[in-house]
Amino acid sequence: MSFFENIFVSLAEMIERYEHQDFLESVTGVCALVASANSRVELAQRVRFDQVIKLLSRLHCFEKDQVTDRFDKDIAALKKDRAVTQKAILRKVKETIESKEDKELILKVCWAMGRADGEIDRKEQEMVEVIAKELGLNLRETFESY
C-alpha cells in the first residue's frame, strides 16, 4: 500500500470509530448496569460481555481492549456512585439510540447479560426493565415478537 492509501485507510478507520462511539458507550454502559445490578460482576457476565462485543459488527472497529476498558470504567464508576453513573448512562442511551432496531438490540444485549449465568435474577430483571422504559420499549412486547 502506498503512503496515501495508508493515510486514507487510517482516516476511514478513525471516522468509523467516531461514528460508532456513542453506540460503544451505550452498549458498555447498559452491560455494566445489568452486570452490576446485584452489586457484583461475575465471571460468566464478563465472558458474556466478550461474546456480545464479538457479535456486534459496529464494535469491530474498536480494539477489544478499548471496549473492555470502557466496560471496566463503567463498572468502576457504578461502584463509586451508582445513582449518578446510572443516570448518566441512561441519559446517554436515551439521547443516542434512536432507531427501533437499535433499541431492541440494546435490550437483547441487556437480557443476554442478565442471563449470563443461566438465569436472570430479580435485580438484573428490574434493571433491564428500567433500561427498556428509558428506551420507550415494553419488555414483554419486545420479546414476544422474537
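Quick notes on this structure:
- Mean accessible surface per residue for the chain, computed with a 1.4 Å probe while every protein chain stays in place, in Å²: 61 Å²
- Over 22 Å (Cα to Cα) - which of LYS54/LYS80; LYS64/LYS133; LYS80/LYS133; LYS79/LYS100; LYS79/LYS103; LYS73/LYS94 fall in this group: LYS54/LYS80; LYS64/LYS133; LYS80/LYS133; LYS79/LYS100; LYS79/LYS103
- The length gained by stretching the chain between GLN66 and ALA83 to full extension, at 0.36 nm per residue less their Cα-Cα distance, is 3.7 nm.
- Helix content alone sets the calculated 222 nm mean residue ellipticity of the chain: runs of n ≥ 4 DSSP H residues at -39500 (n - 2.57) each, divided across all residues, give -25500 deg cm²/dmol.
- Straight-distance crosslink candidates among aspartates and glutamates, where the alpha carbon sits under 15 Å from LYS123 and sequence neighbours closer than 8 are dropped: GLU42
- Efficiency of FRET from Cβ geometry, ASP22 and LYS73, R₀ 22 Å, rounded to 0.05: 0.90
- Over all projection directions, the Cα-based convex hull of the range 14-93 averages an area of 4.9 nm².
- DSSP H segments from the chain that extend 30 Å or more along their own axis, Cα-based, with Kyte-Doolittle mean of -0.5 or above: 3-35
- Most to least packed among 109-120, 93-104, 35-46 [average Cβ atoms within 10 Å]: 109-120, 35-46, 93-104
- The chain, relative contact order [Cα under 8 Å, separation at least 6], %: 32 percent
- Compactness of the chain - radius of gyration and Dmax, Cα, Å: 16.0, 56
The values are calculated or read from the model by the stated rules, or taken from the named source; none is laboratory data. No experiment lies behind these values; they were computed from the predicted model shown. No Cβ is skipped: glycine too gets one built from the backbone with ideal geometry, and neighbour counts run over all protein chains shown. The accessibility values were calculated without ligands, DNA or RNA, using every heavy atom of the protein model including side chains. Shrake-Rupley method; radii C 1.70, N 1.55, O 1.52, S 1.80 Å.
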